[in-house]
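S.K.: Starting off with a structure, shown below.
Values quoted throughout were computed directly from the atomic coordinates according to the rules given, and no laboratory measurement underlies them. Bear in mind the structure is a predicted one, so any value in this text is a computation, not a measurement. All Cβ positions, glycine included, derive from the backbone under ideal geometry; neighbour counts span all protein chains shown.
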Ligand SMILES: NC(=O)c1ccc[n+]([C@@H]2O[C@H](COP(=O)([O-])OP(=O)(O)OC[C@H]3O[C@@H](n4cnc5c(N)ncnc54)[C@H](O)[C@@H]3O)[C@@H](O)[C@H]2O)c1
């Protein structure tokens, strides 16, 4: 199949592109490239790259496409809260428009990267996809609205699948260090201390980035009748934050690093929820299997463990990077495009393409 991966230059997107190519599919990426071109450099000869905003895609982008894996948009609570309007446009409206365009063009297969954070606020319990969710934050509300659009469009030859991804861990060529396990590894390497906010008793469903890519691949390839209009959680397991800190500090101690765990006050945004992967296992026989411990070792093998100072760079933290890009553009009163801004903001100057679009 020829698959369009929106957000293919992002943390999950790059790993998904690699997985789709390995499985023999052809890949076109649509991405604004907030993080520049470097994360896709190793795939440059094997993919088509379209630098566009998912809110305003040209009609050609869907030419020849058989399926879409839709990941583009603001991808966490802080960036969604930072600009709630842009978040709604990207995550809710653009998803509805893209799906309607696919249906109209006869593009049958569509997988969507939703979020298990939709379960936050339901109280204690292990939730499945039938739970009556009440998303609270800007991010999870926009994801749920996108889900509702997709469910309403399912049928008449259009087969969207909604994947409620747990918090992701693991290595990607476009690394994020603002996701709990990855953050703990960075803090362990840079500071030797992990902070347990509110004691770290909160629960999170977690999953490895490679397993998320595998879930998208399997849903795009599955028998349409099995997945059409369905919602699946994608989760390896549920963990308390405190437990994750112990897994990271224990792993680091095997690398002769001592890591302290320290109590800290509760943050403003505090999420606590659990959910189960049982439906995905039953429907597609797929259970995310890469453990936190395995993934930590893989990350330690790839990250600059001996010289970790570069891990503090803002490009690894979505909210820091977005605000920095906006500052650069604002400082230069519209002279600077996102690409100039990305270059100016990055020590590596990875992105060079020009565009007149604002940052958010
Ligand atoms: N990483 C997680 O833990 C996690 C968990 C649940 C759901 N998700 C969802 O999975 C998807 C991918 O997440 P990620 O971790 O790879 O995030 P990411 O921020 O690394 O990647 C998002 C990509 O989308 C692109 N993008 C953003 N806005 C765009 C726009 N308007 N037009 C075109 N491209 C745009 C960015 O340039 C980036 O390459 C997101 O939709 C996110 O909400 C992620």
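S.K.: Report, by residue number, each residue of the range 147-166 that is more than 14 Å from the ligand (Cβ to nearest atom), closer than 22 Å to residue 130 by Cα and part of a loop (DSSP other than H, G, I, E, B).
M.R.: Result: 154, single match.
S.K.: Hey, another quick one. Inside the range 269-308, can you point out the residues that are closer than 15 Å to residue 177 by Cα and assigned to a loop (DSSP other than H, G, I, E, B)?
M.R.: Answer for the range 269-308, where residues must be closer than 15 Å to residue 177 by Cα and assigned to a loop (DSSP other than H, G, I, E, B): 303, 304, 305.
S.K.: While we're on this one: Got a sec? Which helices (runs of 4 or more DSSP H) wholly within the range 30-136 have at least 2 residues that are within 20 Å of residue 159 (Cβ to Cβ) and either out of contact with any helix residue (DSSP H, G or I) (no Cβ under 6 Å at 6 or more places or on another chain) or more than 9 Å from the ligand (Cβ to nearest atom) (or both)?
M.R.: On the way: elements: 77-82, 84-87, 94-105.
Once the helices (runs of 4 or more DSSP H) in the range 30-136 are filtered for at least 2 residues that are within 20 Å of residue 159 (Cβ to Cβ) and either out of contact with any helix residue (DSSP H, G or I) (no Cβ under 6 Å at 6 or more places or on another chain) or more than 9 Å from the ligand (Cβ to nearest atom) (or both), what remains is 94-105.
S.K.: Ok, one more. Against the conditions (1) surrounded by fewer than 24 Cβ atoms within 10 Å (Cβ to Cβ); (2) touching a residue at least 40 places away in the same chain (Cβ under 8 Å); (3) within 13 Å of the ligand (Cβ to nearest atom), where does residue 10 fall short? Just the number, please.
M.R.: Condition (1) is where residue 10 drops out.
S.K.: Return the only residue of 27, 15 being within 13 Å of the ligand (Cβ to nearest atom) and not in a loop (DSSP other than H, G, I, E, B). First the steps, then the outcome.
M.R.: Working: 27 fails: within 13 Å of the ligand (Cβ to nearest atom).
Only one candidate passes the filter, namely 15.
S.K.: Oh, and also: Tell me, which strands (runs of 3 or more DSSP E) wholly within the range 167-241 include 1 or more residues that are within 11 Å of the ligand (Cβ to nearest atom) and crowded, with 18+ Cβ neighbours inside 10 Å?
M.R.: Working: elements: 167-169, 193-197, 203-208, 230-234, 237-240.
Here the list reads 167-169, 203-208, 230-234.
S.K.: Only one of these is part of a helix (DSSP H, G or I) and touching a strand residue (DSSP E or B) at 6+ places or on another chain (Cβ under 9 Å): 244, 261, 266. Name it. If you could, list the steps in order and put the result at the bottom.
M.R.: Working: 261 fails: part of a helix (DSSP H, G or I); 266 fails: part of a helix (DSSP H, G or I).
That would be 244, the only listed residue that is part of a helix (DSSP H, G or I) and touching a strand residue (DSSP E or B) at 6+ places or on another chain (Cβ under 9 Å).
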